[in-house]
Structure formats: structure tokens, C-alpha cells
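Below is one structure; the comments refer to it alone.
The values are calculated or read from the model by the stated rules, or taken from the named source; none is laboratory data. This structure is a prediction, so every number in the text was calculated from the model and none was measured. Glycine also receives a Cβ, built like all others from the backbone with ideal geometry; neighbour counts cover every protein chain displayed. Side chains included, ligands, DNA and RNA excluded: accessible areas come from the protein's heavy atoms. Shrake-Rupley method; radii C 1.70, N 1.55, O 1.52, S 1.80 Å.
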Amino acid sequence: MKTKTLKKDKVNIITLGCSKNMVDSEVLSGQLLANNIDTVHENTKKDHNIVVVNTCGFIDKAKEESVNTILEQVSLKKKGKLDKVYVTGCLSHRYREDLAKEIPEVDAWFGTMELPLMLKKFEADYKTELVGERLLATPGHYAYLKIAEGCNRTCAFCAIPLMRGSHVSRPVEELVREAESLVRRGVKEILLIAQELTYYGLDLYKKRMLPELLNRLADVKGLEWIRLHYAYPSKFPLEILDVIRERDNICNYLDMPLQHASDRMLKAMRRQITRAEMNELIHTIRERVPGICLRTTLIAGFPGETQEDVEELKDFLREHRFDRVGIFTYSHEEGTGAYELEDTIPAEEKQRRAEEIMEVQQEISYGKNQEKLGCVFRTLVDKKEAGRYLGRTEFDSVEVDNEVIIHSDRKLQPGDFINVKITKAYDYDLEGEVV
Ligand code: SF4
């Protein structure tokens, strides 16, 4: 009989994919710890005997990374370094039958909404009183707050509704309690996330409740920054713009994936919006919240996309001069609306188009950064790396946006708010000194 590697179980949670997946890992760790099961995230000490791989199944690259991570852990188990390997998250939710046949060494596979079932494997009970309590995987000064799960939209390229189900909003009271608990634990910045943030409340309260939620969260004492991610452009609730403008601790920042700008592509992608409507929305946003930082995400290489469509997208970027842009290459996902279309554009060509589009954005970003020379920005210190302090202004979200390289004579701590005068400006990042 194989002996256990450790007297007392210790669980390592490995999280892949997006911030929403990270929150799920944090919730799992909170439940395990509350059941006296020693749990860590991304354990570098390697002194654990059980692994939970929380996978991503969004696009090809992410799926590949998830499978490789599972295989790595399974090979450690074969070498007797691990007792159990469990897999959860989007990839498991979507392909568990096939994966279980291909990788039989995995002890159990779980879907995205099977936490209580997974806890049973640890002879642990799901503790409802713990809702909102989690072991943060982020540094202590910022945290994600997932305000809803799932999505009711039908974007043709997107497999998320297949893995996360339809939109389910969390109650306002529960979210406010969670924010208060996070602030008590030292969190200063909360990043609001969902698959589709702007749909918040339509299921639970039969009306859009994001403005109300934002005001309630902005009332939380000690919460310095509230940041909005994943807004959807169609039927955009303009009322949130007044709340962003009026409440000081809501960052002048909005992440709103638009995916494309050619009407032909927007229609084929089922984005329920036209270029003209997006133009009008962007103008309204900038009018109602002067100086707002607009982030968007785009897709290159959707089936049927022509160079003409790419040119139109580049023109759109030049017209609106977004502050932050991210881009993905199209991934042909079975079960999505676009899967019926022929994925005729070669991967290299998709990549070439993505780079061509980002070249336009790089110029825009460089130009915008030059305008910041000599300006002073309130900056949140994130970390010290290679002897340099790195931080972010309210116009920069974690991991996806720009950083400020900070020169300081005095010692700084992650979570410190300082004023930085910009002395150098690069394509994306800024550099400056504490004033
Ligand atoms: S809004 Fe569209 S892209 Fe976003 S999760 Fe929903 S279906 Fe996917």
C-alpha cells in the first residue's frame, strides 16, 4: 500500500487563466483553511502533498498551458512526490470526460461550480458563513471582487458561457460585507470583475444595479481605489459614468472590451453594436468623465476578416486614441457560434495582424505618455524588483497595464500611496521621482 508523503495534508493551489479563476482559487483556499487543511497558492517551497490545478479553457494557448501544468503535476505524483492531483476550472468543466480518459492519473475532475463536491474529497464541509472570506493570492494591498458569475451574451467567438453558465449576480449586501472585510485586512484597491460587469443586477433585482453597488462600495471607509473591468458596450448603463465622476475613490478608469470596429466583423461576432454606436458611446464616456482612462481589448483574425477590416480597426484606434489596448488572436472554439465558420486565416497571419494593430497603439501610447512628463501622479506602490520600486497610477490596472518606475530616497512599502513626478516616459511605462 503506497504510504502518504506527509502526516498532515498540505494543499497547493495552482491557478491558471483570468482573475475570475483566481478568485475561485481564493474561495477554495478559504474553505480548506476553515476546515483546518493547510493550503497555499503557488507553493514555491514544494512541501505540499496535494495539488489542485485550477485550469483555463478560454482559447488554444490557455488550454495548452493548462494541460501541460496537469501533466507536470501528474509526473510528480508518478515520482511519489505527490499523493493527489485534483483538477478544476474551465478546461475541466468543458472537457473532463475526454481528459479523464487521456490522463487517468488525475484523482478527480471538477466543474467550475462544484466547490462543495471538491471539498468532500478533503472530507471538508462547505461553510456558507464563510462567503466573502478567502485567502488572497494577490499581494495584500489589492484584491479582485467578483460581483457576478457567468454571462448571458452570445458573442460568436466566446466559449465562456459554455464553462461559466448564465449570468448570476451576487447580492449588494454580500459584496459590501466582503469589501469591508478586505479593507479590514489591509486591501486599499478593489478591482471589480465579472464576465460582463454592466449586466449586474438585471437577474437578481430585475434592473441594472451597478451604479447603486458602486456608491455602496465607495462608501466603504479606507477603500482608496475601486476599478471597473469587463464592461460591455451594448446598452451601456450611462448612469455609472456619473458615479465614476462624482466618487473620488472610484478610479477614472474603464475597461470595456470592444473586440473590433468594422461593422462586418462586429455583426459576425454578434457584438450587438455598430461602429457608429461605439463612436457615440466613447464620446459620451469622455464627455461625462473628463480625463477617464479607457482600456479596450480586440481580436485579430476572426473568420472572414479582410485587410480592409484591419485597416478600419487601425483607423478606429487612431480616431479614439485609447489609453490601454490588449489584443488576442482568434481561437476556433468548438461549441461557439463562430465554430460553424471556416477558420481560414493562418495563425502566423493572425499574429501579423495583431502586431500590425498594436504598432498603431504603441505610437499612440508613446505620444500620450510624453504629455505626462513633468506631471505629478498619486501612485500606489506594488513591489520592489531588481532594486527598483514599481507602482501604478489610477490609470493602470494590475498585470495588464503600464507601470511607474519610482526613484525614492526613502524606503517604500507595497500599498503605500505616494506622489511621483514623471521624469521619463516610454512607449508604455513611466519613470519618476517621489515628491
Ligand atoms: S460578454 Fe461576450 S466575450 Fe464576454 S464573456 Fe460574455 S459572451 Fe464572452
**Prompt:** Is there a residue in segment 87-100 that is over 30 Å from Arg170 (Cβ atoms) and touching a Phe, Trp or Tyr at 6+ places or on another chain (Cβ under 6 Å)?
**Reply:** yes
**Complete:** Among strands (runs of 3 or more DSSP E) entirely within segment 346-435, at least 3 residues that are within 22 Å of Asn249 (Cα to Cα) occur in 376-385, 388-392, 417-425
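Take the residues of segment 175-225 that are in a helix (DSSP H, G or I) and within 16 Å of the ligand (Cβ to nearest atom): which is surrounded by the fewest Cβ atoms within 10 Å (Cβ to Cβ)? Write out each step before concluding.
Filtering segment 175-225 down to residues in a helix (DSSP H, G or I) leaves 175-184, 197-199, 210-218.
When the remaining residues are screened for being within 16 Å of the ligand (Cβ to nearest atom), the result is 197-199, 210.
On the way: Leu197: 22, Thr198: 20, Tyr199: 25, Leu210: 24.
Filtering first and then ranking leaves Thr198.
Would you list the helices (runs of 4 or more DSSP H) that sit entirely within segment 226-321 and hold 3 or more residues that are without any contact (Cβ under 8 Å) to a residue 60 or more places away in the chain and open to solvent by less than 10 Å² (accessible area, probe 1.4 Å)? Let's see the steps before the verdict.
Values: elements: 239-246, 263-268, 275-288, 307-320.
Of the helices (runs of 4 or more DSSP H) lying wholly inside segment 226-321, those with at least 3 residues that are without any contact (Cβ under 8 Å) to a residue 60 or more places away in the chain and open to solvent by less than 10 Å² (accessible area, probe 1.4 Å) span 239-246, 275-288, 307-320.
Results for (1) assigned by TED's automatic domain parsing to the domain that holds Gln272; (2) closer than 21 Å to Glu42 by Cα, shown as yes or no for each residue.
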position: Glu129; (1), (2): no, no
position: Arg134; (1), (2): no, yes
position: Ala137; (1), (2): no, yes
position: Glu149; (1), (2): yes, no
position: Thr154; (1), (2): yes, no
position: Cys158; (1), (2): yes, no
position: Pro161; (1), (2): yes, no
position: Gly165; (1), (2): yes, no
**Item:** Subset of segment 226-257 (residues that are among the basic types (Lys, Arg) and within 16 Å of the ligand (Cβ to nearest atom))
**Value:** Lys235
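Of all residues being touching a Phe, Trp or Tyr at 6+ places or on another chain (Cβ under 6 Å) and outside any loop (DSSP other than H, G, I, E, B) in segment 18-40, which is farthest from Ile160 (Cα to Cα)? Just the residue, please. Step through it out loud before you land on a result.
Initial filter on segment 18-40 (touching a Phe, Trp or Tyr at 6+ places or on another chain (Cβ under 6 Å)): 19, 23, 37.
After this cut, where a residue has to be outside any loop (DSSP other than H, G, I, E, B) as well, the list is 19, 23.
Values: Ser19: 14, Val23: 16 Å.
The residue in question is Val23.
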**Asked** From the residues in segment 163-174 that are within 13 Å of the ligand (Cβ to nearest atom) and assigned to a loop (DSSP other than H, G, I, E, B), which one is least open to solvent (accessible area, probe 1.4 Å)?
**Response** His167
